[in-house]
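The values are calculated or read from the model by the stated rules, or taken from the named source; none is laboratory data. Predicted, not measured: the structure shown is a model, and the values here were computed from it. No Cβ is skipped: glycine too gets one built from the backbone with ideal geometry, and neighbour counts run over all protein chains shown. Only protein heavy atoms, including side chains, enter the accessible area calculation; ligands, DNA and RNA are left aside. Shrake-Rupley method; radii C 1.70, N 1.55, O 1.52, S 1.80 Å.
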Amino acid sequence: MITLSTIGKQYDLGTVKIDALKNLSLTIDRGEYIAVMGPSGSGKSTLLHILGILDTASSGRYLLEDYDITNLPDREQARIRNKHFGFIFQSFNLFPELSALENVMLPMSYAGIAYSKRKDRAAALLEDVGLQHRMHHLPTMMSGGEQQRVAIARALSNDPDLILADEPTGNLPSDKGEEILTLLESLNQRGVTIVMVTHNDAQAERARRTIHLKDGSLLEQDSLQGGQSNLQASGEAIHV
Amino acid sequence: MFNESGKIMLRRSVGRLLETGLLVLAVALGVGAAAAGISLLAGIRNYSNDLLSSPEYREIVVSTHGNSEDMEDPVSQKPVRETTVLTSEDLAAARVVPEISYAYIANRRMLHFINEASVAREEEMRQNMPAPPEGEGGEPGETDPFRPLMYGSEDLAEASTDETILIVELEEARGYAVSSDFFTALGLQAKAGSLFTEEDYKNPTNDILLGADLAEMITPEGKNCEDLIGKKLLARDGYFTVTGIIDTDNTSYGDSFFSPYRDGSFGGFRMPGMDTALRFSVDDPKQLEETAFLLSDWFTSLYGEGQITVSNPRAEAEQLVARNTGIGVLILFLSLTGLFIAAVNVSNMLMSRALRMKKHVGILMALGASRKKIMVLFSGEAALITGAGSLLGALLAIPLSRTMQGALDVAGVSLLYILPGVLAAAGLTMLFSLLPIRRHTGTAPAEAMHSA
Ligand SMILES: Nc1ncnc2c1ncn2[C@@H]1O[C@H](COP(=O)(O)OP(=O)(O)OP(=O)(O)O)[C@@H](O)[C@H]1O
Ligand SMILES: [Mg+2]
């Protein structure tokens, strides 16, 4: 689904240049569940941003279903983010001005879905994550776990192919984190590709593949024992 | 009407009511001032054009020395001038200047109306003055119509029962004794009754015509102006019969009356010392200077140095116009400065709003908003603030421009002039409020999202 080849990302801070990502190549196939691990500052978030076209790489190539998206116009990039990607952040990033329902409806408005339709769908999504009773509440009135579930519902609103989650349980107590993880796993079982940054070894274990970053470079890849049919490309991405 | 991202903006605005209110107020003040300034200048220009295009400012006034400057004063106290008296014969001077299209006489006259107030004043005066001058007394209704009327309160009471007499509650009215070409030269028409006939100019008569505004003023409640025709007005110099009402729209003659001019008679007024003012009008104002020069030459050669004054009212009017235009430009400059300062401040406040919205923008973009959609969103906010402010500003501009026009004596300028002013000022403010929007679209969503 996605092929990154020799991606580099430099931050130019005037006097110093920071190589957040160096010469990184990675292939992600449809249906994968990948955990991204690595010490703080190793470039995990940067990688996720580039994958989600929230940032552009300084060098290298990004192919999405064989299309090079690097030079797509902004409108097209926005459309891809809207229709094909779902984002889940450590700090939830819900809009405090909008109710849970409206937060979930928002991405659908960019997809051009009519008001009543997106309202129905948002309600159904919130029900799926167990929040049918909190639809009209503002995020500030909800617990972290509930907010993250709203964020997941929002990420799912346009039926994405890929969920990019940056430490989705980082701000949650472990039992709530468990709920979120279970939700993500069930999504993966329904065929949604998931790339999740985590510091938690136990969580990484449950992913089908784990990649390790250090100083912006890819270290190694652990495939889940037994190998899944949808992981066939896992080997080739490390050598470029 | 609003989608979810619109709701974010709206609720943020409502949540920061003070800030939003200040923004709207800043726009309102800037737009209001600018619109008032623009409309004032436009009004002045329009008023000036109207003024200078009126026939009154296409004429040269020739009078005996000392008369012309004091035309605004009640003239009866002026000393009699013995040396030179101008008459209708002197209108023949028009023949020496081919540019002159009309020559006529319009002498300042006044009517002092007799009414309860004037009678009371007179009776008080008589008590203070032991011996009234001999031979000045007289009874109303005597044969000489120009005999000063001495009215007591009983006479007044009697007169007020007379259907044909109208007691005018004004103290006085100003007007002109005019020769026959006056109405033609100024293009004045009767809108009720009729103008003077040739006969009226030849024989002494106490007929008068009223300017439309004067007629309006003295028409009794519940009556029409037309009902004044044939009514006798009671004044110190006698009875004056209204024979017509002049359509004085777009002239300065609205509250004047007119009587027929006759050489030596002062048009039915017993006013010693009134000199005759000859007026010579031309078609093209550019010919005024030359005409004034030629007339001055002519009358000097006729009556000698220093006897005759030739004046050009247009030159004075042009000075007034220049002064008003100068003030208008100054006010416009100040109000535009105000608008500029307001616009810069609005821009700044929106900029700081924009910075606070940066994380929101990052998230919106992550969720699928294109840069264009973000721009539309913030333009919408700017448009709403500018729109609300401009509406308020327009309301502010109305009394503001009224006051300024009143102060400059160019009242009667259409409020429609405020509209382009508001539009222009709103446009400028909008432009300024759009400046911060570029802020939103310059950064990558990832970076925007990570701002606080
Ligand atoms: N906008 C930025 N400007 C400059 N440097 C940046 C920027 N974003 C990230 N970096 C740098 O790039 C490197 C990688 O950052 P990144 O956020 O990807 O790390 P991370 O692996 O997600 O760390 P953490 O586990 O703490 O979230 C770090 O050295 C960081 O300081
Ligand atoms: Mg990170």
Residues within the stretch A:170-199 that are at pLDDT 90 or above and within 14 Å of ligand 1 (Cβ to nearest atom), tallied: 5
Against the condition within 16 Å of ligand 2 (Cβ to nearest atom), away from chain B (no Cβ under 11 Å) and not hydroxyl-bearing (Ser, Thr, Tyr), how does A:Leu13 come out, does it pass? no
Can you tell me how many residues in the stretch B:357-389 are in a helix (DSSP H, G or I) and within 9 Å of chain A (Cβ to nearest Cβ)? 10
Where A:Ala57 falls short, out of the listed (1) open to solvent by 20 Å² or more (accessible area, probe 1.4 Å); (2) of a type in the set (A, V, I, L, M); (3) touching a strand residue (DSSP E or B) at 6+ places or on another chain (Cβ under 6 Å); (4) more than 21 Å from A:Val197 (Cα to Cα): (4)
Please enumerate the residues belonging to the stretch A:33-61 that are within 11 Å of chain B (Cβ to nearest Cβ), over 17 Å from A:Asn23 (Cα atoms) and within 16 Å of ligand 2 (Cβ to nearest atom). A:Gly52, A:Leu54
All but one of (1) assigned to a helix (DSSP H, G or I); (2) within 12 Å of chain A (Cβ to nearest Cβ) hold for B:Ala354, so report the exception by its number. (2)
Would you please name the residue that is nearest to A:Arg118 (Cα to Cα), looking only at residues in the stretch A:74-100 that are assigned to a loop (DSSP other than H, G, I, E, B), away from ligand 2 (no atom under 16 Å from the Cβ) and facing another protein chain (nearest Cβ under 8 Å)? A:Leu98
Scanning the stretch B:1-32 for residues that are open to solvent by 30 Å² or more (accessible area, probe 1.4 Å), among the small types (Gly, Ala, Ser) and more than 9 Å from chain A (Cβ to nearest Cβ) gives B:Gly21
The one condition A:Val129 fails out of (1) within 16 Å of ligand 2 (Cβ to nearest atom); (2) at pLDDT below 95 is (1)
Limited to the stretch A:15-41, what total is found for residues that are surrounded by 18 or more Cβ atoms within 10 Å (Cβ to Cβ), within 15 Å of ligand 1 (Cβ to nearest atom) and not in a strand (DSSP E or B)? 1
What's the number of the condition A:Gly112 fails, among (1) open to solvent by less than 40 Å² (accessible area, probe 1.4 Å); (2) farther than 20 Å from A:Gly52 by Cβ? (1)
Could you list, in sequence order, all residues of the stretch B:412-452 that are modelled with pLDDT under 75 and within 16 Å of ligand 1 (Cβ to nearest atom)? B:Ala452
Test set (1) open to solvent by less than 20 Å² (accessible area, probe 1.4 Å); (2) more than 8 Å from every other protein chain (Cβ to nearest Cβ) - A:Asn71 fails condition number: (1)
What residue, among those in the stretch B:157-184 that are modelled with pLDDT under 85 and aliphatic (A, V, I, L, M), is farthest from B:Tyr57 (Cα to Cα)? B:Ala157
